[in-house]
1. Extending each Cα 7 Å along its Cβ direction at ASN129 and LYS81, get the distance between those two points in nm, one decimal.
2. Tell me, what is the per residue accessible area of the chain in Å², probe radius 1.4 Å?
3. Compute the distance in nm between two label points, each set 7 Å from the Cα along the Cα-to-Cβ direction, one at LEU120 and one at GLU44.
4. Within the stretch 4-23, whose backbone N sits under 16 Å from a point 7 Å along Cα→Cβ of ALA29?
5. Using a 1.4 Å probe on the protein chains only, how many percent of the accessible area of the stretch 21-134 belongs to carbon and sulfur?
6. Non-local amide H neighbours of ILE63 (under 5 Å, H modeled in plane, Pro and chain starts lacking H): which ones?
7. Can you give the three extents of the C-alpha atoms in the stretch 1-124 along their principal axes, from longest to shortest, in whole Å?
8. For ASN21, list long-range residues whose amide hydrogen, built 1.01 Å from N in the peptide plane, is under 5 Å from its own amide hydrogen.
Amino acid sequence: METNEIFPKGQQLPKEWFSGNAFLTLLVAKDKNNEFSAGCVTFEPNARTAWHTHPKGQVLIVIEGNGYYQEKAELAQAIKKGDVVNIPENTEHWHGASAANKMVHIAITNYKDDVQVTWLQHVTEEEFNSVEKK
Ligand code: MN
């Protein structure tokens, strides 16, 4: 663990739903008090989620680095340490690192019954590269 890190890097996230190397440390699990989970997600440079939706929304708090958040049919937003992203329910989007920098965010994700995410297609290299050029 690097001395400037707040949380451990955690477990590698599956290539099925993440491009590149992404890692998760679960901080708060859903339980009888909390209808959400909270986790620290580390994206190495070029790593990103697939496109996905959350049935009751999600909040991202960026704690390190630089990356992107993009909703379908919208321009990608550059995000950096200190930024907070409030993602509406059932809104197709992805998030991840930039090509040159890693990005670490806390993800607070609400549940609807036992579902908190629906995974869709991967973000293609073409989609990612078009964001990088802007
Ligand atoms: Mn999300």
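The values are calculated or read from the model by the stated rules, or taken from the named source; none is laboratory data. As the structure is a computational prediction, the values presented were derived from the model and not from experiment. Using ideal geometry, Cβ is built from the backbone for each residue, glycine included, and neighbour counts are taken over all protein chains shown. Surface areas here come from the heavy atoms of the whole protein model, side chains and all, with no ligands, DNA or RNA. Shrake-Rupley method; radii C 1.70, N 1.55, O 1.52, S 1.80 Å.
1. Computed distance between label sites ASN129 and LYS81 equals 3.1 nm.
2. Values: 7350 Å² over 134 residues.
Using a 1.4 Å probe on heavy atoms only, each residue of the chain averages 55 Å².
3. 2.8 nm
4. 11
5. Details: 2900 of 5750 Å².
Using a 1.4 Å probe with all protein chains present, the stretch 21-134 comes out at 50 percent carbon and sulfur.
6. GLY82, VAL104, HIS105, ILE106
7. 37, 35, 27
8. GLU44, ALA47
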